[in-house]
Amino acid sequence: MAISAPIGLKAAFLEAARTKSGLAATAMLGFLILLAVLVPLLVPFDVVRQWSNPGQWSDNPKLVPPEWSEVFTGKRQPRTVIIPPAGQSGGFDHVRVSFEVQGQNYTIVVLKQSFDFQADAFPSEISLYMTTMFGSKSPLVRSWLTRPDGQEVQLFEDTPSLRASNVSQFRPADVITYSLTYPSFKDPSYQVYANVKQWLISNNVTTSGEWGELFPSPTGFYSNPPKAQVLLMAQLNHSMLDPRTAQVLKGKYSIRFEVDGFSSVDDANARAVVFGTVYGLIGTDDQRRDLLIALLWGAPVALAFGLAGALATVLIQTLLGAISGWYGGAVDELVQRTADFYLIIPTLPILILIGILYRPSLILILFILVVFGVVGATTKVTRSIVLQVKEEQFIEAARSYGASRGRILFRYILPRVMPYTFALIALTVPAFIFLEASLSFLGLGDPNLPTWGQLLGNAYGAGPAIFYTFWWWVFFPAAGIIFTTVAFALLGYAFDKVLNPRLREQ
Amino acid sequence: MTGGCFSSIMGVVWHLAKRAIFLVITFILAIYATVVIANGGGRVDQILKDQIYTDLKQQYARNPAFQRLPPQEQARQFNISYNSIIEAQGLNEPFFQKSFRYTFNALQLNLGRATQLHSSDLSMRVSDIIFERLPRSLVLFTVANVVAAVFGIWLGLWMARKALSAFDRGMTVLSVTTFVVPPWVYGILFILIFAYVFKVFPAGGLTSVPPLPPSPLILAFPPLIAAGLLGAGYVVYARLRSKYRLVGFGILGAGAALLLVWGLVLPADYFKDMEWHMILPAAAVAFSVFGSWSYTTRNLVLQVMDEDFVFAARAKGLKERDVLSRYVLRAASPPIVTSLALTLAAAWTGAIITETVFQYPGLGLLFYEAISLFDAPVVIGLTTVYALLLVVTVFLLDVTYSLLDPRIKALRR
């Protein structure tokens, strides 16, 4: 590295920022820093702490692409529709009648709400949630779906055994979920299929025999049978039996619950989620989590981790390199041999070992990385620069007025080295970001904090086929990492151009 | 003259011997550090002991004869077997003593037995497992790095010739930005693009499943011969006088024809299938490495271009291309070689995630499998082999450096 005319840190900064790549780097880093500042305000840390809590994300559709991806398919994709419980705006209409016949109390509760469905594709799932409150006897709960063509299909019939004491509050344990999309054989919602079969046969759409071929056995899902939500929301003709040909019936649907209770205290409340096939800006993962949150929070985490690691290692390495070059002799030999030694140690395997054995937190990972980077390439570069600076006249001048060696090192030599140090910091940040990403990818990162590497690791862990269908899960975290590291690489390059004038002009 | 030559050779040998001794010491220390960390201060030993304990418990629980014995006798027998196994595996020694034994064994490549993993012929010996996989990693990463180096140096020379043009600026930014990103990130993107969107390459693995029957090994070589022919054809075309250009075209055409014949006519077999599966990982590695070659080459060449001897060469009326290749590149090569020690060294250990992403069954994927199964002997063995590979790489670079740089001979005399 050639030493040009003395250039201060500030001057180097200003000049680097004026080059084209420096300008691009400044813009990219400015965007990232803005993001890092705004994200904690926009998405509070509390949300991120819920990242590994599956209950938090149950209202999001599972593994769906971002909303804007419908541009590629050309079809209007449905958004998630949530019908909140009665008592909230837009919630179910709640009618409750209690009466007495021959000394026996009866209560009838009707919950009804409609939603408009205008998309070109079927919803990905439908779930109905119900809370009931009753006396000694379980009420009878029934549910219907009314279609825009006037057809009414009964969904299921159940006698709940869970009791809720207060209807206005949904306590998670008291909620029964009727999943119309993934009903299990023991679940009352499995009746949906039987009811749909009845309905279709009575409308001459299918025959019992054909239906038997679609559903080979009660538990047999191996022949890709039509999903309940497809049958329920398709135009009523024979094409609806094949998910590839089924046409969406657009218009106003309504969901109705009826509770027939056998005491005067019976009451019920309900909630419905018609899951869309697209979500948000980035989409969701297999645990229904909004990837946008992790993607946004990845920026401050990556920036902080990369900067802290790079600052610590490069500054330590610079100091050691300067000491090595300035004092020479045994100190020099010791530092240089240690640097050679560190070069040969297989750092990543050892780091992975540590990760497996101790499950370190993000801070501890950072600390270990710094320990493994106290000497290295920067030490060698700094030493060679110091060896050149040492011979210059202003050092001679400082010596002649009696400055101590430590004073010369800190007041005269280190300031000359600093611009190079900052170039090296900018070039080291990507290495740290990728080290963290590598560990997270292998599942050895901090499980409480979503990082870009962790998203990639999750996607990879869900199966190699994930890269095909679920591109948004892979592409955006990878793009985030690349964007950040490229910004730092460009900054380092801009510095390099300023500090090595030969690269600038001939 | 002969004396000077002799002493300069002695100087090089002395220098290399010193480096070798230093590297061996470093290697031993690195292995010792690995042994200490891999055992986690006795943690892995405890895991192993627990495993032996549960295995033995289950074994005895299934034994009806053992169940009929009185409890004291049961306990006595259990302890005897347990202690003998512990002793046989050397788990009862204090860690300090054991660590030296482990290090000494590792240095002899006497790596012991795996606890879970095995090679494809079901050998549980760690060295068998590792040496089954080592050639695959060596081939993949050597090919990728060589391709990247050749392409990078060529690109760097071209950039230096057109210094400060739009091409140079664009390529510099491309080089600078691509080499900070490790191969596994490109791997993920390449799989996404080439394996799933365009479906031109397999997404991963060593071969198709089930593997195709192997044909003679010789059929695996046409691509290499074709690459050689293409390179030679280009050189003949570009370097020689115009009347030989036809020869150059001929060689180029022969190379292309061989490639076509290999690709389309020759039947698919095991090796061809393997090469087909290696293209995407090799491309990912090469794409993340070539930038450092081209950027370093460009900068060093530009620095050397200002030297007096280059002016002299130009003044002699040599063609610019010859000045570049004979004078500039020769003088710039030692620093290029050194600055890439790091790249190569990083490539070895970086293989862990790259191979995992591609499910390529080399050393890297073995490491991943071993750590997920807590197979400590395999992990220690692999780290040993990695350290060995690093040491050998660094030493080879030292040798290359001292052969290339005349100043070393002068300095070390």
Tell me, yes or no, whether the range A:111-122 has at least one residue that is in contact with a Gly (Cβ under 7 Å, 6 or more places away or on another chain), assigned to a loop (DSSP other than H, G, I, E, B) and of a type outside the set (D, E). no
In the range A:279-286, is there at least one residue being of a type in the set (A, V, I, L, M, F, W, C) and farther than 22 Å from A:I363 by Cβ? yes
Flag for B:R19 being within 19 Å of A:I356 (Cβ to Cβ) and part of a helix (DSSP H, G or I): no
Residue that is surrounded by the most Cβ atoms within 10 Å (Cβ to Cβ), among those in the range B:291-335 that are small (G, A, S) and within 12 Å of chain A (Cβ to nearest Cβ): B:G291
Subset of the range A:426-478 [more than 9 Å from every other protein chain (Cβ to nearest Cβ), in contact (Cβ under 8 Å) with a residue 12 or more places away in the chain and not in a helix (DSSP H, G or I)]: A:G445, A:D446, A:P447, A:N448, A:L449, A:P450, A:T451, A:A462, A:F470
Unique residue being more than 30 Å from A:F441 (Cβ to Cβ) and polar (S, T, N, Q) when the list is B:S165, B:S175, B:S208: B:S165
Kindly indicate whether any position in the range B:162-185 is away from chain A (no Cβ under 14 Å) and small (G, A, S). no
Quick one: which of A:L236, A:L241, A:L291 is more than 30 Å from A:F434 (Cβ to Cβ), touching a residue at least 24 places away in the same chain (Cβ under 8 Å) and touching an Asp or Glu at 6+ places or on another chain (Cβ under 7 Å)? A:L236
In the list B:A106, B:A33, B:A114, B:A75, which residue meets the criterion of being loosely packed, with under 12 Cβ neighbours inside 10 Å and among the aliphatic types (A, V, I, L, M)? B:A75
Considering only the range A:207-224, I want to know if a residue exists there that is surrounded by 11 or more Cβ atoms within 10 Å (Cβ to Cβ), under 27 Å from A:W57 (Cα atoms) and modelled with pLDDT of 80 or more. no
Only one of these conditions is not met by A:S361: (1) surrounded by fewer than 20 Cβ atoms within 10 Å (Cβ to Cβ); (2) over 27 Å from A:D446 (Cα atoms). Which number is it? (2)
Let me confirm something: among B:L252, B:L189, B:L280, which residue is without any contact (Cβ under 8 Å) to a residue 24 or more places away in the chain and within 14 Å of chain A (Cβ to nearest Cβ)? B:L189
Among the candidates B:D398, B:D375, residue that is out of contact with any Phe, Trp or Tyr (no Cβ under 7 Å at 6 or more places or on another chain), more than 16 Å from B:K18 (Cα to Cα), more than 10 Å from every other protein chain (Cβ to nearest Cβ) and at pLDDT below 80: B:D375
Which listed residue is within 30 Å of B:Q359 (Cβ to Cβ), within 14 Å of chain A (Cβ to nearest Cβ) and within 28 Å of the chain's Cα centre (by Cα), from B:I37, B:I129: B:I37
Step by step: first the residues of the range B:347-366, then only those that are within 8 Å of another protein chain (Cβ to nearest Cβ) and within 24 Å of B:S292 (Cβ to Cβ), then the one that is farthest from the chain's Cα centre (by Cα). Which residue is that? B:V357
Out of (1) under 21 Å from the mean Cα position of the chain (by Cα); (2) at pLDDT below 85; (3) within 14 Å of chain A (Cβ to nearest Cβ), the one B:S288 does not meet is (2)
Specify which of the listed residues (B:F271, B:F249, B:F221) is over 29 Å from A:W471 (Cβ atoms) and at pLDDT below 80. B:F221
Do we find a residue being among the β-branched types (V, I, T) and outside any helix (DSSP H, G or I) anywhere in the range B:239-262? no
Has the range A:332-346 got at least one residue that is aliphatic (A, V, I, L, M) and free of Cβ contacts under 8 Å to residues at least 24 places away in the same chain? yes
Does the range B:150-167 contain any residue that is touching a strand residue (DSSP E or B) at 6+ places or on another chain (Cβ under 7 Å) and either outside the structural domain of B:L258 (by TED's automatic domain parsing) or within 30 Å of B:P334 (Cα to Cα) (or both)? no
A careful count of residues in the range B:164-206 that are assigned to a loop (DSSP other than H, G, I, E, B) and over 24 Å from A:W452 (Cα atoms) gives 9
Pick out the one residue from A:S98, A:S21, A:S69 that is of a type in the set (G, A, S), assigned to a strand (DSSP E or B), in contact (Cβ under 8 Å) with a residue 12 or more places away in the chain and surrounded by 12 or more Cβ atoms within 10 Å (Cβ to Cβ). A:S98
So for the range A:392-411 (the condition being away from chain B (no Cβ under 11 Å), in contact (Cβ under 8 Å) with a residue 12 or more places away in the chain and surrounded by 21 or more Cβ atoms within 10 Å (Cβ to Cβ)), does at least one residue qualify? no
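The values are calculated or read from the model by the stated rules, or taken from the named source; none is laboratory data. Note that this is a predicted model, so its numbers are computed, not measured. Positions of Cβ are generated from backbone atoms using ideal geometry, with glycine treated the same way; all protein chains shown enter the neighbour counts.
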